[in-house]
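Visitor: Pasting a structure below so you can have a look.
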Amino acid sequence: MKVIVAMIVWCLLLTSCSGSKQNFSAADVAGYYNGVDEYSAWTFMLDESGIGYESAYYPNKDLTIMAPFSWTLNGNSLTLNFEMDEIMITGDTETDAAEAIVKSMLSGYAEPRICTIKKDKNGTVFVDGEGLYPMYCRDNSLSE
């Protein structure tokens, strides 16, 4: 019997130390995020209620696209479901370049998006698009 209990404890310890997914709650991830690297003109907002938005600003085209979504969190996997009929586009949409940007962005909102929530050693929370979508860093200065 002791051997069985020892094996169960060993398995639980091994599972807990094996780098399994971090479990985040809505309160852990809610907040305002800034885009990272080539997405620096983008912002991202997660509200604890399960709604949010992504906003992309193209200053050289005077174009802003704001896409609202609902979101769910499972462990550290964040799923976004965009509200296509509520996407707002403002600015100059008449040029060919702006039309191409809008068309490309809208196609990216047609399907649910799955991202990974990560926390660095300093406690900063990131939304990682896994190379397919923008990466965001939570702006902790807004909560101070």
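The values are calculated or read from the model by the stated rules, or taken from the named source; none is laboratory data. Only a predicted model underlies this, so the values are computations on that prediction, with no experimental measurement involved. Reconstructed Cβ throughout: ideal geometry from the backbone, glycine too, with neighbour counts over all protein chains shown.
Visitor: Look through the range 65-91, keep the residues that are at pLDDT below 95 and small (G, A, S), and return whichever of them is farthest from I114 (Cα to Cα).
Guide: Restricting to residues being at pLDDT below 95 and small (G, A, S), the top hit is G91.
Visitor: When the range 84-116 is examined, which residues are found to be closer than 14 Å to A56 by Cβ, more than 21 Å from the chain's Cα centre (by Cα) and assigned to a loop (DSSP other than H, G, I, E, B)?
Guide: Listed by number, the list holds a single entry, T93.
Visitor: Please enumerate the residues belonging to the range 13-64 that are at pLDDT 90 or above, farther than 21 Å from M84 by Cα and small (G, A, S).
Guide: Passing the criteria: S25, A26, A27, A30, G31, G35, S40, A41.
So that you can scan it fast, the table gives a plain yes or no per residue for (1) part of a loop (DSSP other than H, G, I, E, B); (2) touching an Asp or Glu at 6+ places or on another chain (Cβ under 6 Å); (3) over 21 Å from Y33 (Cα atoms):
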{"residue": "S55", "(1), (2), (3)": "no, no, no"}
{"residue": "N60", "(1), (2), (3)": "no, no, yes"}
{"residue": "T64", "(1), (2), (3)": "no, no, no"}
{"residue": "K118", "(1), (2), (3)": "no, yes, no"}
{"residue": "G131", "(1), (2), (3)": "yes, no, no"}
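Visitor: Can you name every residue in the range 53-71 that is farther than 12 Å from I89 by Cβ, surrounded by fewer than 16 Cβ atoms within 10 Å (Cβ to Cβ) and either of a type in the set (S, T, N, Q) or touching a strand residue (DSSP E or B) at 6+ places or on another chain (Cβ under 7 Å) (or both)? Break it down stepwise before answering.
Guide: Going through the range 53-71, the residues farther than 12 Å from I89 by Cβ turn out to be 53-54, 59-60, 68-71.
Imposing the further condition that a residue be surrounded by fewer than 16 Cβ atoms within 10 Å (Cβ to Cβ) reduces the set to 59-60, 70.
Scanning the range 53-71 gives N60, S70.
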